[in-house]
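See structure below.
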Amino acid sequence: MADVAALMAELSAVGRDAVGRQLVLASAGNLSARIPGTDTFVVTASGTWLDRLAPGDYSVMTLDGTVLAGHPTPSSEWKLHARTYAVRPDINSVIHLHPLTAVILDACGVAIRLIVQDHVYYLGRINRVPFSPNGSDELADTSAEASRDCDAVILAHHGCSTLGDTISMAYRRALNLEEAAKATLMALQLGNTTATFPVEALESVRHA
């Protein structure tokens, strides 16, 4: 139970910060973390506001959807979290936010470019999936499949899903995703359509 309480506290801190940065509004977005050494996870409950999360605003679940403890109604996106954990046993947190710049660029058919070193280091690559309704099996399955070979997935006309071996790393990737989107937009406003991180320096960043 101490592990679960610590995970909830860390997720709550991420929620407050994400709302403060306007990466999500009102009761949108959801956060989760795998409970160490188990096939269970803790996820924010349905209708919760990420900037005011309390211990009672979380559900403890199995990957097949059984609620073991906490809030009886988990986020409508619990399947996205569960199926991502199922295909990625190496990750321990999934952060689902609605970063506006990233979503708008994707909706306009503009690929987010990795321009600075941190974008390459934390993101590596970005996948995207077409629109599927919120909470649907289609969204959960396509997002999980897209996450097999990357840690940042754009959900078209919706938001993003970022993964990490820790909550901190998953959130860092969400922050870098939106920053990369803003950098891409800035480059476009300056009339540039090609600038990306230099290919010849990629290996040095990957092994930093």
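Some points to look at:
- Residues in segment 107-122 that are part of a helix (DSSP H, G or I) and surrounded by fewer than 21 Cβ atoms within 10 Å (Cβ to Cβ): Ala107, Gln117, Asp118, Tyr121.
- If the condition is being farther than 9 Å from Leu53 by Cβ and touching a residue at least 12 places away in the same chain (Cβ under 8 Å), then segment 1-13 contributes Asp3, Val4, Ala5, Leu7, Glu10.
- Test set (1) free of Cβ contacts under 8 Å to residues at least 60 places away in the same chain; (2) under 12 Å from the mean Cα position of the chain (by Cα) - Arg125 fails condition number: (2)
- If you filter segment 175-208 down to residues that are small (Gly, Ala, Ser) and at negative phi, you find that the one that is modelled with the lowest pLDDT is Ala208.
- Filtered by the rule that a residue be closer than 23 Å to Gly164 by Cβ and either basic (Lys, Arg) or surrounded by fewer than 16 Cβ atoms within 10 Å (Cβ to Cβ) (or both), segment 123-133 gives Arg125, Arg128.
- Screening the candidates Val116, Val129 for the property of being under 17 Å from Val87 (Cβ atoms), out of contact with any Gly (no Cβ under 8 Å at 6 or more places or on another chain) and not aromatic (Phe, Trp, Tyr) yields one hit, Val129.
- All strands (runs of 3 or more DSSP E) inside segment 1-86 with 3 or more residues being buried (at least 19 other Cβ atoms within 10 Å of the Cβ): 30-34, 40-44, 58-62
- Looking only at segment 116-174, and only at residues there that are among the basic types (Lys, Arg) and over 17 Å from Leu100 (Cα atoms), the one that is modelled with the highest pLDDT: Arg148
- Candidates Glu138, Glu145, Glu178: the one that is out of contact with any Phe, Trp or Tyr (no Cβ under 8 Å at 6 or more places or on another chain), surrounded by 16 or more Cβ atoms within 10 Å (Cβ to Cβ) and either in contact (Cβ under 8 Å) with a residue 40 or more places away in the chain or closer than 30 Å to Met61 by Cα (or both) is Glu178.
- For segment 22-36, a residue qualifies if it is without any contact (Cβ under 8 Å) to a residue 60 or more places away in the chain and within 14 Å of Thr62 (Cβ to Cβ), and the qualifying residues are Arg34, Ile35.
- Subset tally (residues that are in contact with a Gly (Cβ under 8 Å, 6 or more places away or on another chain) and small (Gly, Ala, Ser)) for segment 84-110: 1
- Segment 5-36, residues that are of a type in the set (S, T, N, Q) and touching a helix residue (DSSP H, G or I) at 6+ places or on another chain (Cβ under 7 Å): Ser32
The values are calculated or read from the model by the stated rules, or taken from the named source; none is laboratory data. Everything numeric in this text was worked out from a predicted model, so none of it was measured. Every residue, glycine as well, gets a Cβ built from its backbone with ideal geometry; the counts of neighbours run over all protein chains shown.
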